[in-house]
Every structure is written in C-alpha cells, then in structure tokens.
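The values are calculated or read from the model by the stated rules, or taken from the named source; none is laboratory data. Worth saying up front: this structure is predicted, and the values here are computed from it rather than measured. So basically every Cβ, Gly included, is an ideal-geometry build from the backbone, and we count neighbours across all protein chains shown. Ligands, DNA and RNA are stripped out before the accessible areas are found, and what is left, the full protein with its side chains, is counted by its heavy atoms. Shrake-Rupley method; radii C 1.70, N 1.55, O 1.52, S 1.80 Å.
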Amino acid sequence: MCSGRVDPEFVFRAFSNGQDGVFIGGCRLNECNYVTHGNFHALNVALLCKRIMAYIGLNPERLNIRFMSAGDGILFAEHMNDFGKKVKALGPLGVSEGIDRQELKSRLEDVARLVPYIKIVKREKLGSRLTKKEDHDGLFTADEVENLFREVPSYYIDPEKCQACMTCFRRCPVEAIDGGKNRIHVIDQDKCIKCGTCLEVCPPKFGAVTRIVGGPVPPPIPEEKRTIARKGKKEEST
Ligand code: SF4
Ligand code: SF4
C-alpha cells in the first residue's frame, strides 16, 4: 500500500528474476497522510539501490522512482511510457552493461544476502527526510557504498572460548548458528546476514564472538570436536 514498504531486497529480487527495469511509484512528497512519510523512505531506498547498482556494474537508470497522487493518471502514464522507452533502449539486463549472465547472478545474490546488513548500517540515512532535490545525489556516495562492501564484517566464534550457553543460538535471526547443549557453537558464514547480534549477546565473561573485517575467517571446528566435556558433571557421575 505504501511505497515506504519497498525494501532494497524487492528491487534486487526483481533484477534477479530477470526484470530489465524497476519502477517505484509513491505518493507526492510532503503529502503523506501519516507521520511516517514512507515515500521519503522509498526515495532513500531508491537512492541507495542506485548506488549499489552502479557498484555492481548495473546502469542505475534501470531503477526509477516517481511521486504522484491517485488523481495523476496522465502523469503516471507519461512516467510509465518514458520509463518503458528508456528500459527498452537499455536492452536486457546485464547485456548492455557487458556482464556475463552467471556473473550478474552471483553479484545480485551477494547484494541480496547483504541487504539486512546494509539496512542496519545505513538505517539513519534511510530514515532521513530529504526535502531538497539537490540533496538527493549526496545522500549516499559512490565511495561510501564501495567502503560499505569493502568493510563487510564476518563474525566468528572462538571454539576455545565458547561455553555453549546457547544465547547466540537462540537470538540469531536467521538460524545461522549451529549449536546446542554442550556443543561449541559455529557460525554458518553462508547463512549469516552480518547483523552482529551474536557479538552483542555473547556474555562478556565468555567473549567468544569476534568481528572480523578484511581478514579470513578461521575454518569451523570439525563436528567431532565440538562437544564440551564439563568437568564437574563428569566427576559427579563417577
Ligand atoms: S551476525 Fe551472528 S546473529 Fe547475526 S546472522 Fe550472523 S551469526 Fe546470526
Ligand atoms: S553466546 Fe557466546 S558463549 Fe554462548 S553459545 Fe554463543 S558464542 Fe558460545
């Protein structure tokens, strides 16, 4: 119902599904009926997505956002016709950009996987309200997006420190942590969305989670070595 509901994930999913262009239509800016002014959020999302598109080699013109009221039928038709012509002129996604199909798929998948992280890191800017058109270009810069991707963190659980308290296991929003009672916990790097929750919730007395930027993540401890032998329990049962 509201353009503010448009998530960057929707945009990149559309491209992953082979769409050559994405159009976001929102109500006129400053005319939102709600305090949330979701259309400003949609604008910020579009500006961020355009920078990300440029970063992965896609023409940002393939994404278009326009604002109009429900009574602006003619304007809507004009925007759609113009955008339709533009997308046709751009040709199939990736072809005019010279990106191989498989490569494009992998770049889009990488972005889709990082969307939750990007939203967390950029939440303040995504929530801003740009009332002047001249501020649009500067909200997100090309350098900023490049850094964003260069500084993507990884989270790692030190097997020597993990006490299998299961806090991170329970709090991970995407079930990316393999663990259990008396089992050293391990992060599945392919599933992890880099939210940082595990680092926040791991009790300081254990401090088992590390944030790694720009370096390799140590390999996971083998399955057979993940059981923690509790000294006290052993002695009790003997
Ligand atoms: S950072 Fe931690 S809590 Fe967040 S998704 Fe990755 S493993 Fe799960
Ligand atoms: S919160 Fe820390 S100590 Fe507890 S299971 Fe997770 S990594 Fe291990």
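Summing +1 for each Lys or Arg and -1 for each Asp or Glu among the other residues whose beta-carbon sits under 14 angstrom from that of Asn59 gives +3. The amide H of Gly26, built 1.01 Å from its N in the peptide plane, has Arg66, Phe67, Met68 as neighbours under 5 Å, considering only residues 5 or more places off or on other chains. Taking the inverse of the mean 1/r over every pair of distinct Cα atoms in segment 93-205 gives a Kirkwood hydrodynamic radius of 16.8 Å. Across segment 197-213, rounded Karplus estimates of 3J(HN,Hα) from the backbone phi angles (6.51 cos²θ - 1.76 cosθ + 1.60, θ = phi - 60°) give 4, 4, 5, 5, 8, 5, x, x, 5, 9, x, 8, 9, 10, 9, 10, 10 Hz, Gly and Pro being marked x.
Each residue was assigned an accessible area with a 1.4 Å probe, and for Ser16 the value is about 60 Å². What shape does segment 38-92 have by the C-alpha gyration tensor, where a ≥ b ≥ c are the square roots of the eigenvalues, rounded means a/c under 1.5, and otherwise prolate means a/b greater than b/c and oblate the rest? Oblate shape, in that a/c is at least 1.5 and b/c is the bigger or equal ratio. Loop-resident trypsin sites (Lys or Arg not before Pro) (DSSP state other than H, G, I, E or B) in segment 5-46 with no more than 15 further Cβ atoms inside 10 Å of their Cβ: Arg28. Element breakdown for segment 98-159 at a 1.4 angstrom probe: carbon and sulfur atoms account for 45% of the accessible area. Using C-alpha pairs under 8 Å with a sequence gap of at least 6, the mean separation divided by the residue count of segment 1-65 gives a relative contact order of 41 percent.
For segment 45-131, a/c is not less than 1.5, where a ≥ b ≥ c are the root eigenvalues of the C-alpha gyration tensor, and a/b does not top b/c. That puts it in the oblate class. The heavy atoms of Tyr156 present about 40 square angstrom of accessible area, all protein chains included, probe 1.4 Å. The helix-only estimate of mean residue ellipticity at 222 nm for the chain, built from DSSP H runs of length n ≥ 4 each weighted as -39500 (n - 2.57), is -12500 deg cm²/dmol after division by the residue total. Taking a quarter of the surface of the Cα convex hull of the chain gives a mean projected area of 17.0 nm².
The relative contact order of the chain comes to 18 percent, based on Cα pairs under 8 Å that sit 6 or more residues apart. Take the Cα of Asp190, step 7 Å toward its Cβ, do the same at Arg28, and the gap between the two points is 5.1 nm. In this structure Glu151 has an accessible area near 90 Å², from a 1.4 Å probe over the protein heavy atoms.
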